[in-house]
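Notes for the one structure printed next.
Just so you know, all these numbers are worked out from the coordinates, no wet-lab data involved. The model shown is predicted, which means the values in this text are computed figures rather than measured ones. Please note: Cβ atoms are built from the backbone with ideal geometry, for glycine as well, and neighbour counts cover all protein chains shown.
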Amino acid sequence: MTAPNAMLEALTDLIGASNVISESKDIAPYAEEWRRLYSKQPSLVLTPTSVEAVQKVMAWANENSVSVIPQGGNTGLVGGQVPLDGGEVILSVKKLKAVRDVDPASNVMIVEAGATVLEAQEIAQKQNRLFPLSLGSEGTCQIGGILSTNAGGTAVLAYGNSRDLCLGVEAVLADGRLYNGLSKLRKDNTGYDLKDLLVGAEGTLGIITAASLKLFPRPTTFETALLNIKDPQAGVEVLEMVRRKSGNKVTSFELLPTLGIDLQLKHGLAARDPRASDSPWHVLIEFSLFDGEEPGALLVMLEALFEAELISDASVCSSLADRKMMWLMREHFAECQTREAEGIKHDISVPVKDIPELVKRCDLVAEKVIPGIRSFAFGHMGDGNIHYDFLAPLNMPKGNLRAHAAALHEAMYEIVDDLGGSISAEHGIGQMKAALLQQKKDPVALEMMYAIKQALDPKGILNPGKVLVRRN
């Protein structure tokens with residue numbers, strides 16, 4: 001390992017003093033992740049301004065066996081973007097923001113990794129196109145990060161996750177070589193899809209520096225409503241009926257417990273109650289309509305749902321302001337938990353049909369592990385991804401909940417396994433779930449992953465200990 005002073009001098013010579021951060025107070029925002037679960041400090045933070053500069057850094061790091069952590073907007077929730085050991089170098093792609101190409105005829109744009117998701121949406125909008133990825137951190141999270149973690153969001157039901165929205169990537173490999181896989185092609189049967197090695201790899205196989213992203217026709221209007229349902233089983237039945245009768249008009253379908261809305265009102269996160277009436281569960285549903293389609297499709301659908309007795313009430317948005325309020329309410333489901341109490345969180349997925357069984361069994365086992373615990377299961381019902389969180393019991397002293405976390409995780413993941421689900425639906429593995437992955441992943445799949453890591457990063461300098469536990 002190169003001594004810190006020598007490292008500072010070498011990297012300053014390579015990419016310039018203005019792109020090397022060495023003071024602790026300036027490093028802190030890059031080293032602290034959102035949940036504040038990891039606190040190791042890097043030696044330096046690098047902010048290169050070009051792909052060539054990233055190549056120089058990686059060539060030097062490979063030669064000197066210096067570990068590098070790629071970082072986007074630092075919005076990750078599993079510690080993949082911050083140090084595991086301390087002393088690593090963080091490489092932020094935030095200054096790589098160029099828009100290299102926008103091709104409306106091909107429905108593709110090529111942007112660099114430091115562009116935020118919101119900026120990508122705005123680039124598409126200027127061409128009357130849609131970049132459909134949407135998530136709460138879209139103003140901060142960056143294209144390189146969302147591809148590296150294969151982020152999902154609220155529109156996966158209709159458009160797929162980040163992997164599905166990407167046609168190709170450019171990436172700097174561990175030794176500084178540049179993989180140029182940027183493509184506008186929807187069909188290219190010329191061997192292995194190397195893009196799919198890098199997307200979802202969390203920076204362990206290469207640093208994504210640019211991407212070709214799919215664009216779609218832009219909806220002319222949205223129809224949005226908050227539905228009252230009695231339980232998650234009713235939600236599954238509503239989804240099945242809506243998809244059968246409306247096809248691909250339904251672009252979002254979010255399962256929400258009423259507790260989340262109650263807590264937003266309690267903590268001042270909601271200006272008013274969006275619910276039509278009381279109900280234990282709700283579904284936030286949205287239709288996207290395009291040129292030539294008559295408005296009112298959602299209202300017709302709601303009539304059918306009332307007749308089938310699948311919903312008991314509905315609050316329908318009548319303006320863009322109403323729609324904005326509804327989606328802001330959905331975004332605040334994480335923040336209201338933070339303001340209320342300590343919590344234990346899970347990002348899991350199961351087949352959609354099994355969500356009711358998941359909720360039933362997980363709530364029962366959680367109550368056995370921690371009597372009085374408050375269940376807070378919500379999320380992307382349309383694609384099977386549930387953010388299965390729990391809040392501390394009302395009478396539990398602060399700081400006591402964490403002692404029960406391991407037992408609750410073990411019980412929850414056993415149920416997820418039994419239902420054929422995944423321990424990580426959209427947040428990734430990072431350092432938080434690396435050991436768990438060793439237990440849950442198919443052994444042959446793990447050996448294949450280690451073989452790929454060894455082939456592309458033989459010195460193990462790219463984000464070591466993330467996704468795959470290091471082997472001696």
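Ranking G160, L256, L468 by Cα position along the charge dipole of the chain, where only Lys, Arg, Asp and Glu carry charges on their C-beta atoms, puts L468 farthest toward the positive end.
Centre-to-centre separation between the Cα atoms of region 411-472 and those of region 150-165: 21 Å.
Computed from point charges on the beta carbon alone (+1 for Lys and Arg, -1 for Asp and Glu), the dipole magnitude for the chain about its Cα centre is near 660 Debye.
Where only DSSP H runs of four or more residues are counted, the chain gives -10000 deg cm²/dmol as its mean residue ellipticity at 222 nm, each run worth -39500 (n - 2.57). Seen from T75, the other residues with C-beta closer than 11 Å to its C-beta sum to a net charge of -1, counting Lys and Arg as +1 and Asp and Glu as -1. Each of (1) 26; (2) 41; (3) 22 is a candidate for percent of Cα pairs over 40 Å apart; the one calculated from this structure is (3). Each residue of region 457-468 is assigned a 3J(HN,Hα), and the resulting list reads 9, x, 8, x, 8, 8, 6, x, x, 9, 6, 9 Hz, derived from the Karplus form 6.51 cos²θ - 1.76 cosθ + 1.60 (θ = phi - 60°), x at Gly and Pro.
Summarising the amide proton neighbourhood of L167: residues at separation of 5 or more, or on other chains, whose placed amide H is nearer than 5 Å comprise S212, L213, K214. Note that region 441-447 has calculated 3J(HN,Hα) couplings of 6, 4, x, 5, 4, 4, 4 Hz, one per residue in order, obtained from phi through the Karplus relation 6.51 cos²θ - 1.76 cosθ + 1.60 (θ = phi - 60°); glycine and proline are x. Considering every alpha-carbon pair of region 142-222, the percent of pairs per 5 Å bin, from zero through the bin containing the longest distance, is 3, 15, 25, 23, 17, 9, 4, 2, 1, 0. Here the gap between N64 and E294, fully extended at 0.36 nm per residue and compared with their Cα-Cα distance, gives a gain of 76.5 nm.
A crude spin-label estimate for the pair A435 and D417, with each label 7 Å from Cα along the Cβ direction, gives 1.6 nm.
Roughly what angle does helix 320-331 make with the longest principal axis of the chain, taking Cα atoms, 0 to 90 degrees, to the nearest 10? Roughly 60 degrees between the two axes. Semi-axis lengths, largest first, of the ellipsoid equivalent to region 221-334 are 23, 17, 11 Å, with √(5λ) applied to each eigenvalue of the Cα gyration tensor.
At 0.36 nm per residue, minus the direct Cα-Cα distance, what do D193 and W34 gain on full extension? Give it in nm, one decimal, please. Walk me through the intermediate numbers first.
Working: separation 159, 0.36 × 159 = 57.24 nm, distance 3.27 nm.
Here the answer is 54.0 nm.
Annotation: amide H of S252 within the under-5 Å range of E286, sequence separation 5 or more or interchain, hydrogens built in the peptide plane.
Cross-link pairs exceeding 23 Å in C-alpha to C-alpha distance, out of K97/K214; K184/K466; K249/K360; K56/K459, comprise K184/K466; K249/K360.
What FRET efficiency, computed as 1/(1 + (r/R0)^6) with R0 = 35 Å and r the Cβ-Cβ distance, is obtained for D273 and A98, rounded to the nearest 0.05?
0.20
Amide H to amide H distances under 5 Å link A151 with S162, where only residues 5 or more positions off or on other chains count and H is placed in the peptide plane. Its relative contact order, with pairs defined as Cα atoms under 8 Å and 6+ residues apart, puts region 4-92 at 35 percent. Taking Cα centre as origin and charging only the Cβ of basic (Lys, Arg, +1) and acidic (Asp, Glu, -1) residues, the dipole magnitude of region 291-410 rounds to 820 debye. Any chance you could give the angle, 0 to 90 degrees and rounded to 10, that helix 117-126 forms with the longest Cα principal axis of the chain? Taking the Cα atoms of the chain, the angle to 117-126 is about 70 degrees. Determine the distance separating the Cα centre of region 198-260 from the Cα centre of region 365-402; give it in Å without decimals. Between the Cα centres of region 198-260 and region 365-402 lies a distance of 23 Å. When averaged across all projection directions, what area in nm² does the alpha-carbon convex hull of region 341-418 cover? The number I arrive at for region 341-418 is 4.6 nm².
How far, in nm, would the chain grow between M325 and T49 when pulled straight, counting 0.36 nm per residue and subtracting the alpha carbon separation? Stretched out fully, the M325 to T49 stretch lengthens by 95.6 nm.
Only Cα pairs under 8 Å and 6+ residues apart enter the sum, and on that basis the relative contact order of the chain stands at 16 percent. So what's the angle, to the nearest 10 degrees on a 0 to 90 scale, between helix 51-64 and the longest Cα principal axis of the chain? On a 0 to 90 degree scale, this one is about 60. Karplus-based coupling profile of region 194-205, in residue order and whole Hz: 5, 4, 6, 6, 7, 6, x, 7, 6, x, 8, 10, with θ = phi - 60° in 6.51 cos²θ - 1.76 cosθ + 1.60 and x standing for Gly or Pro. Centre-to-centre, using Cα atoms only, region 308-350 and region 20-57 are separated by 34 Å. Any idea what diffusion coefficient region 376-444 gets from Stokes-Einstein, in µm²/s, Kirkwood Rh on alpha carbon pairs, 4 °C, 1.567 mPa s? In µm²/s, the coefficient is 94.
Here the calculated FRET efficiency for K398 and K360, from their Cβ-Cβ distance with R0 = 30 Å, stands at 0.50, rounded to the nearest 0.05.
When the alpha-carbon atoms of region 6-61 are used, the pair Rg, Dmax equals 12.2, 35 angstrom.
Its Cα centre serving as origin, region 233-281 has a Cβ charge dipole (Lys and Arg +1, Asp and Glu -1) of approximately 240 debye.
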